[in-house]
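Asker: Input: one structure, supplied below.
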Amino acid sequence: MTAPLASREVAIIGAGPAGATLAYELLQGGLKPLILDKAVFPRIKVCAGGLTIKALKFLPPDLGPVLEDEIRRVQLSFNLSHAFTKAWHQPLLYTVERQRFDAFLMDRVRQAGGEFGDGERLEKITAGPGDSSTLVTSRRLITARVVVGADGARSIVARGAGLQPVDFWHLGLQMEVPRKPRGKERLGVHRHDLYGPGDHGRRLCLGLSPWRGPHHRGGGPCAQGPELKRYHARLLSHLGRGEQSFPLAAHLVPHRVTSGPS
């Protein structure tokens, strides 16, 4: 049973980096938003955790405790061969472990006076009463004048607003393996991999997804699974990890090619 109706000026759905950063900025401006997330923090997040220099400009300057490594070179290859390395004299990106990084940002929001409902899932959003929206969560009913959807590609807020944030999906796989001693790990971004591997200090994050456009006829996400698993096994062998077995996580990777809001 949901609790009695609560009223808030701003409700932010999703406590990842986007939601947490917005919440902190609103708090600095004198507003007190409510932030909701279906997960209980700190939570495991399937993501390679690379922060570009451009992204760092929108994040707090005190990220030192959660920044893992500085990346200045990237190895590119096609089908695990014909590899070449590109390097730069300045950092290209920094790596973070999402579980620690996201919890760090939300702790900052809490310390600034933000209201955080972790483990509270948004189930439905409807227009009204008046110029507000009504949120039905796993715990209560909430009205809010402004609702921000920072709840990812499968956003309930976007669906409630009639938006189409995603045109098609790909299946992504991720595996985290113990890192070898510094200087002995072969790090690279391979042609088949869209966002990995990423270096998380004590762990190596291997993520991959098929390189296909929206009109590819090779089947949907379910049909991609066996192909990705075979390639993942080749990638592990290529990195000298073929003899070991590690838990494999799967998730959907969204793509958008449509211009405009819907």
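Asker: With a cap of 13 neighbouring Cβ atoms within 10 Å, and only residues DSSP puts in a loop, list the trypsin sites (Lys or Arg not before Pro) found in the range 114-181. Display every interim value, and only then the final one.
Answerer: Details: sites: ARG121, LYS124, ARG139, ARG140, ARG145, ARG154, ARG159, ARG179; in loops: ARG121, ARG139, ARG154, ARG179.
Sites meeting the loop and neighbour criteria: ARG154.
Asker: With a 1.4 Å probe and all protein chains in place, put GLU97, GLU25 in order of accessible area, largest first. Mind showing how you got there, number by number?
Answerer: Numbers: GLU97 20, GLU25 110 Å².
I get GLU25, GLU97, largest accessible area first.
Asker: Could you calculate the contour length gain from ALA39 to ARG121, that is, 0.36 nm times the residue separation minus the distance between their Cα atoms, to one decimal place in nm? Walk me through the intermediate numbers first.
Answerer: Values: separation 82, 0.36 × 82 = 29.52 nm, distance 0.78 nm.
Length gained, ALA39 through ARG121: 28.7 nm.
Asker: Still on this structure: Note down the accessible area of PHE58, probe 1.4 Å, to the nearest 10 Å².
Answerer: 150 Å²
Asker: Still on this structure, I have one more. Can you give the accessible area of LEU76 in Å² (nearest 10), computed on protein heavy atoms with a 1.4 Å probe?
Answerer: Number for this one is 70 Å².
Asker: Okay, moving on. Protein chains only, probe 1.4 Å: how do LEU93, LEU80 rank by accessible area, largest first? Write down the numbers at each step before the final one.
Answerer: Details: LEU93 50, LEU80 25 Å².
In descending accessible area the options line up as LEU93, LEU80.
Asker: Let me ask something else about it. Just how much of PHE104 is accessible, in Å², when a 1.4 Å probe is used and the result is rounded to the nearest 10?
Answerer: Its heavy atoms expose roughly 50 Å² to the probe.
Asker: Okay, moving on. Counting only residues 5 or more places away or on other chains, whose amide H sits under 5 Å from the amide H of LEU51 once H atoms are built in the peptide plane?
Answerer: TYR94, THR95, VAL96
Asker: Tally Lys/Arg at +1 and Asp/Glu at -1 over every other residue whose Cβ is under 11 Å from the Cβ of ALA20; what's the total?
Answerer: Working: positive: ARG108, ARG110; negative: GLU25, ASP37, ASP102, ASP107.
That sum, taken over residues with Cβ under 11 Å, equals -2.
Asker: HN-Hα J couplings of the range 6-22 from phi, Karplus 6.51/-1.76/1.60, θ = phi - 60°, integer Hz, Gly and Pro as x?
Answerer: 10, 10, 9, 6, 10, 10, 10, 9, x, 10, x, x, 5, x, 5, 5, 4
Asker: While we're looking at this one, here's another question. Where does each of CYS205, CYS47 land when they are ordered by accessible area, with a 1.4 Å probe and the largest first? Spell out each step's value before the answer.
Answerer: Numbers: CYS205 0, CYS47 45 Å².
Result, largest first: CYS47, CYS205.
Asker: Tally Lys/Arg at +1 and Asp/Glu at -1 over every other residue whose Cβ is under 13 Å from the Cβ of LEU31; what's the total? Could the numbers behind the result be given before it?
Answerer: Numbers: positive: ARG8, LYS32, ARG145; negative: GLU9, GLU25, GLU115.
Here the charged neighbours net out to 0.
The values are calculated or read from the model by the stated rules, or taken from the named source; none is laboratory data. As the structure is a prediction and not an experimental result, all values here were calculated from the model. Note that we place each Cβ from the backbone using ideal geometry, even for glycine, and neighbour counts take in every protein chain shown. Surface accessibility is based on the protein's heavy atoms, side chains included, excluding ligands, DNA and RNA. Shrake-Rupley method; radii C 1.70, N 1.55, O 1.52, S 1.80 Å.
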